[in-house]
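In what follows, a structure is listed as structure tokens, so that the remarks can point back to it.
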Amino acid sequence: LYDEVHLIEPESHWVESTDGAQVQVWTLTPTTSGTTKHPAVLEIHGGPHMMYGYSFMHEFQLLAAAGYVVVYSNPRGSKGYGEAHTSAIRNSWGVKDWEDIESVTRWMQHHPNIQAGRMGVMGGSYGGYMTNRVVGNTQAFRAALTDSCVSNLVSKAVNSDYGWRPNGYLEGYAYGGGDKIRTLWNQSPIAYFDQVQTPMLVIHSEDDLRCNIEQSEQVFAALQQRGIPSRFVRYPHGTSHGMSRNGPADLRLPRLGEIL
């Protein structure tokens with residue numbers, strides 16, 4: 001295999017965010033082309049309480065092989081850096097995590113190996129949530145890919161496969177009106193899609209029970225209604241929330257093709 005593919009080792013960096021928070025960032029930089037500046041892709045992990053590290057990610061290696069600098073980080077909400085770092089987004093999705101992603105974005109724009117005008121952003125599950133949040137807050141990215149995403153916390157609260165406890169991890173209710181719903185709505189990326197200008201690819205599985213496909217349907221409908229260039233790729237019944245990692249190979253391969 002090593003005679004046929006060239007694998008790139010990640011480089012670790014630290015980026016300072018708001019409140020002095022330190023965010024660990026990794027890059028995979030292509031080494032096979034003759035140029036020093038490349039287009040780049042920012043990958044955002046799911047969870048939200050998960051973490052990137054030095055583990056092998058075939059999707060990242062594929063993007064690097066195609067000529068992209070791949071950037072991935074552990075913004076607040078990620079595990080691995082203590083309780084305060086992880087709990088900073090409790091009852092407040094899209095605030096401190098967004099501030100950290102924004103800081104990483106600015107760092108990318110000044111990176112000596114990245115073409116600032118040719119950057120993309122993508123993520124799945126909560127990473128899709130943050131991708132949706134990013135495009136509602138900045139036009140720094142030329143394109144975006146939201147995969148098995150969260151877009152509307154109000155509707156997700158009543159159709160996800162895990163038990164959503166009102167006023168639990170996230171405050172608010174999906175019913176009752178007034179401030180009960182507004183608390184969830186204000187943390188929902190779809191609430192800010194009147195600001196989106198970024199072309200997007202939307203990917204979702206029909207039998208995703210964690211993040212129901214209606215989450216992506218709302219994103220695609222909003223993009224289409226506003227005339228934003230967009231495509232919606234729906235994978236058939238039998239595919240689940242983890243399709244990108246443990247789904248059928250004959251569907252995972254086309255998914256990678258769609259990303260490229």
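The values are calculated or read from the model by the stated rules, or taken from the named source; none is laboratory data. All figures in this text were calculated on a predicted structure; none of them were measured in a lab. Here Cβ is always computed from backbone atoms with ideal geometry, including for glycine, and neighbour counts include all displayed protein chains. Accessible surface areas use protein heavy atoms only, side chains included; no ligands, DNA or RNA. Shrake-Rupley method; radii C 1.70, N 1.55, O 1.52, S 1.80 Å.
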Within the stretch 177-216, considering residues that are of a type outside the set (A, V, I, L, M, F, W, C), open to solvent by less than 10 Å² (accessible area, probe 1.4 Å) and within 20 Å of Met119 (Cβ to Cβ), the one farthest from the chain's Cα centre (by Cα): Thr198
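Here's the yes/no breakdown for (1) open to solvent by 40 Å² or more (accessible area, probe 1.4 Å); (2) part of a loop (DSSP other than H, G, I, E, B):
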{"residue": "Met51", "(1), (2)": "yes, yes"}
{"residue": "Phe56", "(1), (2)": "yes, yes"}
{"residue": "Phe60", "(1), (2)": "no, no"}
{"residue": "Gly67", "(1), (2)": "no, yes"}
{"residue": "Tyr72", "(1), (2)": "no, no"}
{"residue": "His85", "(1), (2)": "no, no"}
{"residue": "Trp93", "(1), (2)": "no, yes"}
{"residue": "Trp98", "(1), (2)": "no, no"}
Just to be sure I understand the filter: pairs with C-beta atoms under 6 Å, separated by 6 or more residues or on different chains, first member in the stretch 91-113 and in contact (Cβ under 8 Å) with a residue 12 or more places away in the chain, second member among the polar types (S, T, N, Q) and assigned to a helix (DSSP H, G or I). Which pairs pass? Glu99/Thr18
Scan of the stretch 4-49 for residues that are open to solvent by 80 Å² or more (accessible area, probe 1.4 Å), without any contact (Cβ under 8 Å) to a residue 40 or more places away in the chain and in a loop (DSSP other than H, G, I, E, B), ordered by number: Glu4, Glu9, Thr31, Thr32, Gly34
Which of the numbered conditions does His241 fail, given that it passes all the others? Conditions: (1) in contact with a helix residue (DSSP H, G or I) (Cβ under 9 Å, 6 or more places away or on another chain); (2) under 21 Å from Met122 (Cβ atoms); (3) assigned to a loop (DSSP other than H, G, I, E, B); (4) open to solvent by 40 Å² or more (accessible area, probe 1.4 Å). (1)
